[in-house]
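The values are calculated or read from the model by the stated rules, or taken from the named source; none is laboratory data. Only a predicted model underlies this, so the values are computations on that prediction, with no experimental measurement involved. Methodologically, a virtual Cβ is constructed for each residue, glycine included, from the backbone with ideal geometry; neighbour enumeration extends over all protein chains shown.
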Amino acid sequence: MNANIIKRNELLAQKVIKGLQSRHMNGYYAADKEAALKLALSLIPEGSSVGMGGAASVEEIGLKEAMIRGNYRFIDRDAMDRREAYLMMYDCDFFLAGANALTEDGVIVNLDGRGNRVSMIAYGPRKVLIIAGMNKVCPDVDSAVRRVRTTAAPINAQRFQMNTPCLKTGSCLDCKSPDSICCDLLLVRGSMDAERIHVILVGESLGF
Ligand code: SF4
């Protein structure tokens, strides 16, 4: 990667980490996917029960695979009844997630169709570990929500082949389709439990 991009990511990540800390959350910086995986594994004790939704960034650094292959109690939503899996995840030790966007001052923004992921980020799992590429960092809440609505959501609609206007146009038409994946918007602007939310910022582009 270009040295200027690396330097900018390192500097900006420090600002985001300070923002997270000011909101009683924990931030870390990993220069690349390999470092991010190592850091994530150092935060999750073996034997932990672990859940996750469809988090592309978690998969891209190899963390999902490591949870499946390693000594963890991984709750695999694809291998069991989805509702049963989600209800188990509410009581898990670690919930792994991506972020649709983050602000430079540490607000985490996510948007769900069914709300399972955002509800578990808000409450339930004992700890939440978020993996976010530096491509997710936006200047402020307005631009972060705009990113979520106009970039992440239309790409997710393609990913899940939902019957929504953005599937055909590639841009958000602010639909009220029954298949809309844009139902529940969560802005995490702080945590009352300072040990619960951990964010690993990765100096690469991850997810979408
Ligand atoms: S068109 Fe509908 S589903 Fe697609 S991004 Fe906009 S609100 Fe979400």
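Things to note:
- Test: residue in the stretch 92-113 that is assigned to a helix (DSSP H, G or I) and over 11 Å from the mean Cα position of the chain (by Cα): no
- Restricting the first member to the stretch 100-111 and to residues that are under 19 Å from residue 205 (Cβ atoms), and the second to residues that are within 14 Å of the ligand (Cβ to nearest atom) and in a loop (DSSP other than H, G, I, E, B), the beta-carbon pairs closer than 7 Å and six or more apart or on different chains are 109/100; 110/100.
- Only one of 195, 204 that is among the acidic types (Asp, Glu) and surrounded by 14 or more Cβ atoms within 10 Å (Cβ to Cβ): 204
- Every residue from the stretch 24-47 that is surrounded by fewer than 18 Cβ atoms within 10 Å (Cβ to Cβ) and not hydrophobic (A, V, I, L, M, F, W, C): 24, 32, 34, 38, 42, 45, 46, 47
- Consider the stretch 172-184 and keep the residues that are surrounded by 13 or more Cβ atoms within 10 Å (Cβ to Cβ) and under 22 Å from the mean Cα position of the chain (by Cα). The one that is farthest from the ligand (Cβ to nearest atom) is 184.
- Test: residue in the stretch 22-36 that is among the hydrophobic types (A, V, I, L, M, F, W, C), more than 22 Å from residue 110 (Cβ to Cβ), in contact (Cβ under 8 Å) with a residue 40 or more places away in the chain and in a loop (DSSP other than H, G, I, E, B): yes
- Cβ-Cβ contacts under 6 Å between residues 6 or more apart (or on different chains), taken from a first residue in the stretch 192-204 that is closer than 22 Å to residue 3 by Cβ to a second residue that is modelled with pLDDT of 95 or more and of a type in the set (Asp, Glu), are listed as 204/32.
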